[in-house]
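See structure below.
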Amino acid sequence: MAEYYAKSLELSGIPALTLTNLKHAERIAFDIGGSLTKLAFFSKISHKRALYTINPNTKSNEKPDALNHVSHDSYVSNCETEEEGWRLHFINFETKYIESCLDFVKQNVMGRSTDVNGKIIKATGGGAHKYKQLINEKLGVEISKEDEIQCLIKGCNFLLKNIPDEAFIYEKHSNPPYKFQSPSNQPLFPYLLVNIGSGVSMMKVISDTEVERIGGTSLGGGSFWGLGSLLTKAKGFDELLELAEKGDHRLVDMLVKDIYGGSYDLIGLPGDIIASSFGKAARSASDTSTHLHERIKKGKLS
């Protein structure tokens, strides 16, 4: 039997739906970073559910079970009910547009209630301090600053312990390349948590309450955004991501096979591993500025 692997989510069209559901939000929280702001909220969703019973005229060998599929005629619809449930939504936008976002939240969420002054909204990130007064003035609420790292670890531990297919091993040359790990397959702790924001922090999570920062780098999402803005005419972060999907990094990155003519088997390096980022973009005497620009354009951001 073929093993089941979770599929990636197709996000096209989600922002408009998510913004619509924001009008039904019951609880809101912000993570305000240096580059991007993330908004999370719960909304109450109504949906209809049809209740079926087995048609008494259905033959016994046609009755549904875990392995058999039967025709719609095998069922009788008794009634249709309307049910309510909760859904968790996420929106991200550039932090420089936070005033516009707050205006939208005020109009579509806070506008439903006449008693919003004094309410508390949870927030993490440096912007929870920087924009505290602005949020208070725009929304008439108080900001409760939560520790970013503690929230990150609690959320990550919850996902790893409770949600299937949240952890996986990636092997580029395997088929399929993703091998998902069941939460119960192995002990959870310790694990390495790499938090990629404007910069990058690397932490060793030892238990639910113990964490040790073991390193980091200034080259993160902010670096990607900054380089992309210098190399292209992209107007925003989402546009840069679209360009990255179309690019081919092999036009500007030097691979192991570009140096050795193939794999470096002695130390187990495949030929298609990057040996030097932007190694092919170095100008030589034979390169014209137009030629170099075209190469970077085709390989940009990938």
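Within the range 261-279, work out how many residues are assigned to a helix (DSSP H, G or I) and touching a helix residue (DSSP H, G or I) at 6+ places or on another chain (Cβ under 7 Å).
Looking only at that region, the number is 0.
Please name all residue pairs, on different chains or six or more residues apart, with Cβ atoms under 6 Å, provided the first residue is in the range 265-284 and is loosely packed, with under 14 Cβ neighbours inside 10 Å and the second residue is at pLDDT below 90 and not in a loop (DSSP other than H, G, I, E, B).
Every condition considered, the pairs that remain are ARG283/LEU292.
Quick check, is SER77 surrounded by fewer than 14 Cβ atoms within 10 Å (Cβ to Cβ), in contact with a Phe, Trp or Tyr (Cβ under 7 Å, 6 or more places away or on another chain) and either at pLDDT 75 or above or not in a helix (DSSP H, G or I) (or both)?
Yes.
List every residue pair whose Cβ atoms sit under 8 Å apart, with the two residues 6 or more apart in sequence or on different chains, where the first one lies in the range 82-102 and is closer than 20 Å to GLY125 by Cα and the second, anywhere, is part of a strand (DSSP E or B) and among the charged types (D, E, K, R).
Within 8 Å, the pairs are PHE90/LYS38; ILE91/LYS38; ASN92/LYS38.
With the requirement that a residue be more than 26 Å from THR124 (Cβ to Cβ) and without any contact (Cβ under 8 Å) to a residue 12 or more places away in the chain, what does the range 154-171 give you?
TYR170, GLU171
Could we say that ILE135 is at pLDDT 55 or above, of a type in the set (Val, Ile, Thr) and part of a helix (DSSP H, G or I) here?
Considered against the rule, which asks whether it is at pLDDT 55 or above, of a type in the set (Val, Ile, Thr) and part of a helix (DSSP H, G or I), ILE135 comes out as yes.
The values are calculated or read from the model by the stated rules, or taken from the named source; none is laboratory data. Everything quoted here is computed from the prediction, not taken from an experiment. Reconstructed Cβ throughout: ideal geometry from the backbone, glycine too, with neighbour counts over all protein chains shown.
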